[in-house]
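Q: Let me give you the structure first, and then I'll get to my questions.
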Amino acid sequence: MEDIVGLCKRRGFIFASSEIYGGYNGFYDYGPLGVELRNNIKQAWWRDFVHRRDDIEGLDSSIIMHPKIWKASGHVDGFSDPLADCKESKKRYRADQLFIAPVILDGELCGYVGFVEGADAPTIVKRAKKLRDSLDKKQATLDEEALATQHTEFTDATEEQRAQTLAPEATAVGTLTAPRAFKLMFETKVGPLADDSAVAYLRPETAQGIFANYKNIVDTGRVKIPFGIAQIGKAFRNEITPRNFIFRSREFEQMEIEYFIAPEADWKALHRDWIDQCTNWLVSIGLSPEGITEDIHPTEKLAFYSQATTDLMYQFPHGEQELWGIACRSDYDLKQHQQHSGKSMEIFDEASKSKYVPHVIEPSLGVDRTLLAVLTAAYTEDEVPNDKGKVEKRTVMKFSPKIAPVKAAIFPLLKNKPELVEVAEKLYKKLQRRWNVFYDASGAIGRRYRRQDEIGTPYGITIDFDTIEKDGTVTLRDRDTCEQRRVTEAELIDFLEEQIDG
Ligand code: GAP
């Protein structure tokens, strides 16, 4: 993760928000390359799920909506995370991401150590030894097996266990409070009144904007069941512990689809189909299929309205974590809005000649999390020969050409030869009309390649003396293999078109 964060800052992908004021936890800014990568991910998603399909329509709803929407959806009353405070260190923890492990000394249970999700074994052992030392039992044998295997989520810990727990950053036991619900929605006030009637919320998901507009789209479009509504937009959550770079932040972006189906449709088969489509899409933007796994939520952990949820998990640098949630939400949301708004959410199904409130399958993906997955998949360190044939280490971002921030770099071999520069600039201007390309005339050619490798530009195009003196061909270099071949301008454009837009 450190390497990725370092590269993102060094090369202008991602900066901590408000950095000149020391940063602002849970918020990030995307620099020149980051915004290109982000836009390319969103465009690829929109192209594949909206433009290239006949059954999905797009939407862009407002971020602040009528507060009744959040009452109907259940967010006002239920959208919270369990929070535990440490009275000593003043740190706050998400109780469902905090665990305890028993400290057994010479076969006797002497307390518990608390640790956050993802903590490594040596850290847990170190904390257990701290507890052992504080109990004046320095010589006692610690049961490391129990410490490594017997983990309990803090939300399930008993009062007695809590009282005996050494919190992750405390020196004494029993400093953690019992978990309590912490509301995640950001509140604001709308209009000139400052009283409670003015309270509104920044949306914590884009999905409710879709449900709130479902009727508009049914009434004005020519949709027929099954059909979907897609939306990309910002969402805000006052996360207790934003962490792992852009993985969990307080302001992020979602790409969500609500796919409406008949109540009697084979939702299990449709759910499976969506899981496969989503997996294939992740592979199409460069994630390796081996890094993607499925986490099927156990029935007892599902929300009461949910029929099934499967998360696509990805192997991030900080462990295997949720990337894309694909949920079958039944007719819960539409029925809630029907009840709270008094407006019918029924659709007339021409095929079955019946009226009903449709059920919904919801694939919900975070843009920022996808971007982190893409960065993780792309980050590579290898060794390649330099201009003089000496093998050198290089960092290369192996982005798929479809989403790479810069598609190609154009280099005149020498910057002080006007004949080379003229041809290179002309080609650059031509390619720039279609793609985000880069022109670089300064420095040794090997160094110029290396700079592009580090930002993941898939192709290098060099204009050399053969171009101007012989046949007009240019050298096309592949970022990953470093192989070079000569191509005509027409071949070059066909090739780029296929790789970037195909
Ligand atoms: N409408 C359903 C919904 O919002 P979710 O599992 O809470 O479900 C969906 O969020 C996706 O949004 C997640 O799989 C993740 O990719 C992204 N996401 C959620 N919270 C996030 C956060 N705090 N920071 C970044 N991405 C987040």
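Q: Let me confirm something: among Gly446, Gly456, which residue is over 20 Å from Pro32 (Cα atoms) and touching a residue at least 60 places away in the same chain (Cβ under 8 Å)?
A: From the options Gly446, Gly456, the qualifying one is Gly446.
Q: Go through (1) hydroxyl-bearing (Ser, Thr, Tyr); (2) loosely packed, with under 14 Cβ neighbours inside 10 Å; (3) over 16 Å from the mean Cα position of the chain (by Cα) for Tyr305 and report which single condition fails.
A: (2)
Q: Would you point out the residue of segment 222-242, among those that are in a strand (DSSP E or B) and near the ligand (Cβ under 10 Å from one of its atoms), that is farthest from Glu346 (Cα to Cα)? Write out each step before concluding.
A: The initial filter retains those residues of segment 222-242 that are in a strand (DSSP E or B), namely 227-236.
Next cut, near the ligand (Cβ under 10 Å from one of its atoms) only: 235-236.
Working: Ala235: 28, Phe236: 30 Å.
Checking each candidate, the answer is Phe236.
Q: Within segment 191-218, track down each residue that is under 24 Å from Gly58 (Cβ atoms) and exposed (fewer than 13 other Cβ atoms within 10 Å of the Cβ).
A: Result: Asn216, single match.
Q: Hey, another quick one. Here is a list of conditions, (1) within 16 Å of the ligand (Cβ to nearest atom); (2) more than 25 Å from Glu239 (Cα to Cα), and Phe186 meets all of them except one; can you say which number that is?
A: It is condition (2) that Phe186 fails.
Q: In addition: So is Val474 in contact with a helix residue (DSSP H, G or I) (Cβ under 7 Å, 6 or more places away or on another chain), over 14 Å from Lys407 (Cα atoms) and at pLDDT 95 or above or not?
A: yes
Q: Residues to consider are Asp480, Asp466; find the one that is outside any strand (DSSP E or B) and in contact (Cβ under 8 Å) with a residue 40 or more places away in the chain.
A: Asp480
Q: Taking Thr188 and the conditions (1) more than 16 Å from the chain's Cα centre (by Cα); (2) in contact (Cβ under 8 Å) with a residue 24 or more places away in the chain; (3) surrounded by 18 or more Cβ atoms within 10 Å (Cβ to Cβ), which numbered condition does it fall short on, given that it satisfies the others?
A: It fails just one condition, (3).
Q: Could you run through segment 80-117 and say how many residues are more than 28 Å from Lys137 (Cα to Cα) and among the small types (Gly, Ala, Ser)?
A: 3
Q: Would you please list the contacts, defined by Cβ atoms under 9 Å and residues six or more apart or on different chains, that run from a residue in segment 132-155 that is of a type in the set (Lys, Arg) to a residue that is loosely packed, with under 13 Cβ neighbours inside 10 Å?
A: Arg132/Lys138; Lys137/Asp106
Q: Quick check: anything in segment 274-285 of a type in the set (Phe, Trp, Tyr) and either without any contact (Cβ under 8 Å) to a residue 24 or more places away in the chain or in contact with a helix residue (DSSP H, G or I) (Cβ under 8 Å, 6 or more places away or on another chain) (or both)?
A: Yes, segment 274-285 contains at least one residue that is of a type in the set (Phe, Trp, Tyr) and either without any contact (Cβ under 8 Å) to a residue 24 or more places away in the chain or in contact with a helix residue (DSSP H, G or I) (Cβ under 8 Å, 6 or more places away or on another chain) (or both).
Q: Same structure, new question: Do you know which residues across segment 243-284 are within 16 Å of the ligand (Cβ to nearest atom), within 14 Å of Thr370 (Cα to Cα) and among the hydrophobic types (A, V, I, L, M, F, W, C)?
A: Matches in segment 243-284: Phe245, Ile246, Phe247, Phe252, Met255, Cys278, Trp281, Leu282.
Q: Restricting to segment 248-273, and then to whatever is touching a residue at least 60 places away in the same chain (Cβ under 8 Å) and aliphatic (A, V, I, L, M), can you tell me which residue is surrounded by the most Cβ atoms within 10 Å (Cβ to Cβ)?
A: Ile257
Q: Of everything in segment 1-56 that's hydroxyl-bearing (Ser, Thr, Tyr) and under 18 Å from Ala235 (Cβ atoms), which residue is surrounded by the most Cβ atoms within 10 Å (Cβ to Cβ)?
A: Result: Tyr28.
This table checks each residue for (1) assigned to a loop (DSSP other than H, G, I, E, B); (2) closer than 18 Å to Asp501 by Cβ; (3) among the aromatic types (Phe, Trp, Tyr).
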| site | (1), (2), (3) |
| --- | --- |
| Phe411 | no, no, yes |
| Lys415 | yes, no, no |
| Leu420 | no, no, no |
| Ala424 | no, no, no |
| Ser442 | yes, no, no |
| Gly446 | no, no, no |
| Tyr449 | no, no, yes |
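The values are calculated or read from the model by the stated rules, or taken from the named source; none is laboratory data. None of the values given here were measured: they were computed from a predicted structure. Reconstructed Cβ throughout: ideal geometry from the backbone, glycine too, with neighbour counts over all protein chains shown.
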